[in-house]
Amino acid sequence: MFTAPPEDSIDRSGGLRPAGVGSAGSASPWWRDAVIYQIYVRSFLDSTGDGIGDLAGVRAGLPYVSKLGVDGIWLSPFYPSPQRDHGYDVADYKAVDPVYGDLDEFALLVADAHRLGLKVVLDIVPNHCSSEHPWFREALAAAPGSEARALFHFADGKGEHGELPPNNWRAMFGGPAWSRVEEADGTPGQWYMHLFTPEQPDLNWRDPRVAPYFDEVLRFWLDQGVDGFRIDVAAGLFHHPDLPDSDDPGADERTRDSVNPLAWNQPEVHGVWRRWRAVCESYTAVDGQDRLLVGEVSVPTAAEQAAYVRPDELHQAFFFHLLSAPWNPDAFRKVIGEALRDIAGTGSTVTWVLNNHDQVRTVTRYGSDNSAAGAARARAAALLMLALPGAAYIYQGEELGLPEVDLPDEALTDPIFLRTGSRQYVRDGCRVPLPWSGHASPFGFTGADSTARPWLPQPGWFADHTTDRALNDTDSFWHLYRNGLALRRDFHLRGDATLRWLETPPDVLAFVRGDGLVCAVNFGGQDVPAPVPGTPLLASAPSPAGVLPGNAAAWWAADPPGAV
């Protein structure tokens, strides 16, 4: 039997806000400065006792999310799937996998989220589907040159007997980007492309049947009441039509190749986002409510990303350069400046992220040299991100200060590890189910009477990071995020894209926002004089008046001289 999170871990009142209305009462579209909480459904909360999170678990945890003060939730894929990549291999785009619930449960989730003033954003995967999708199963049964195979990238191999892949492209998750099929007569046949795993064949977006199919998918979920879509691999979809060899195919089987210009960021993809924007606008025209398109756009520069958020394309694109910036003020100032210049210059807003389900958790990433420093830097980075102009996304568990979990090889499920044997890019460590309460696994993630273990093992030290403990500790990460989100609204930072840099010592980055809010970050390890007199309104570490500690950030209400 499912046990809801402890009463002191959730707020049943929910901090209600009318759906569709920003906290500051702004008439600006809600997505421009929204803060969205990313829920990895498998690892959020398990309502059935099978060790896997589900939609009913998400619904039970919504008051906790609402109390944090965010504007909406982004749900990882919950569609029917063989789960070879935990849902990013979709077998049916218009249904719910029974392991997560059903459409009735999803309807209840949307209704509860909207009652709490939370938007609901779904993850959609248009670059590839599952090898169990009916289209691909039909393609395997069909002959070379058939209409069924035209929906994918089937090609004859090279070599005397077609025994070599059609080109030298590498898969993102290791190995060649091609797999050979056995034809109906039992002989080795054509090859098909998969830029991730063989269980995720790439769709051929040049075929005229693919775009209308995804129009139907969008409309299906919009009719269920969703408020937008996060688009997986948004710089993908189209590949060079001739499929030539790449000059940079990847060094070996353990190289994660994400820079092949022949496979990514082709100009035709922008037509898809214009089409999807038109679908969303058709719903807005009926009820006046904006629907969001936010893309996972992995491109080398802010200027290239800006092309995806032009007024008739995506509303947002995740700006990963902040996430990947090393911990020093020059790097942060550079990427922030480029984003505000190139992306905000399109009329969109920058969409900031420090972590997601594919990245090493922030505490660990910033603490490679010192674990205590990692936690301090993660707290400081959180205040920095929340002070920046634009939107922001928070990955579940970041508000608890969770470090990365170092799992043993036998526990790993990531297809990157299964295909390569390398732990370098393995993502399981940031996907371990959340700890809600108690002193031992399952930490309230699943019902107390369940005998099933969480799908990834939780370490004993999770006891120091449970939600009930975080809510009761006013110095916790959770309270830092909650207070930062509240002050972000109070200072009308929402909708104000201005930022003025301040003159600072070498290790310090400081700027002015909105109605005179100053944010300063000390990237060094030693205390320095604060750039603003007086005690800060909010700080990531104890900060006496006139002092900014090392690896700390603080906010003040002031309009100091020296802006540049």
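Tally time: how many residues in the range 355-375 are buried (at least 23 other Cβ atoms within 10 Å of the Cβ) and among the aliphatic types (A, V, I, L, M)? Qualifying residue count for the region: 1. Note on the range 202-234: among residues that are touching a Leu at 6+ places or on another chain (Cβ under 9 Å) and farther than 30 Å from Ile36 by Cα, the one that is surrounded by the fewest Cβ atoms within 10 Å (Cβ to Cβ) is Arg209. Of all the residues that make up the range 204-246, how many are touching a Lys or Arg at 6+ places or on another chain (Cβ under 9 Å), among the small types (Gly, Ala, Ser) and closer than 26 Å to Asp71 by Cα? So the answer is 1. Scanning the range 73-83 for residues that are farther than 18 Å from Phe44 by Cβ, touching a residue at least 24 places away in the same chain (Cβ under 8 Å), touching a Ser or Thr at 6+ places or on another chain (Cβ under 8 Å) and buried (at least 19 other Cβ atoms within 10 Å of the Cβ) turns up nothing. Within the range 491-504, does at least one residue satisfy the condition of being within 30 Å of Phe173 (Cβ to Cβ), more than 24 Å from the chain's Cα centre (by Cα) and not in a strand (DSSP E or B)? The answer is no; no qualifying residue exists.
Considered as a group, the residues in the range 476-497 that are modelled with pLDDT of 95 or more and in contact with a Ser or Thr (Cβ under 8 Å, 6 or more places away or on another chain) include one that is surrounded by the most Cβ atoms within 10 Å (Cβ to Cβ), and that residue is Leu480. If we keep just the residues of the range 199-215 that are assigned to a loop (DSSP other than H, G, I, E, B) and among the acidic types (Asp, Glu), which is nearest to the chain's Cα centre (by Cα)? Going through the qualifying residues, I end up with Glu199. Would you say Trp478 is more than 30 Å from Pro408 (Cβ to Cβ) and aromatic (Phe, Trp, Tyr)? Against the criterion (more than 30 Å from Pro408 (Cβ to Cβ) and aromatic (Phe, Trp, Tyr)), Trp478 does not qualify.
Considered as a group, the residues in the range 520-543 that are surrounded by 21 or more Cβ atoms within 10 Å (Cβ to Cβ) and among the polar types (S, T, N, Q) include one that is farthest from Pro505 (Cα to Cα), and that residue is Ser540.
Pull up the range 338-355, narrow it to residues that are free of Cβ contacts under 8 Å to residues at least 60 places away in the same chain and closer than 21 Å to Ala510 by Cβ, then point me to the one that is farthest from the chain's Cα centre (by Cα). If we take residues in the range 338-355 being free of Cβ contacts under 8 Å to residues at least 60 places away in the same chain and closer than 21 Å to Ala510 by Cβ, then Arg341 is farthest from the chain's Cα centre (by Cα).
The values are calculated or read from the model by the stated rules, or taken from the named source; none is laboratory data. Values in this document were obtained by computation on a predicted structure and should not be read as measured data. Don't worry about glycine lacking a Cβ; one is built from the backbone with ideal geometry, like all the others, and counts go over all protein chains shown.
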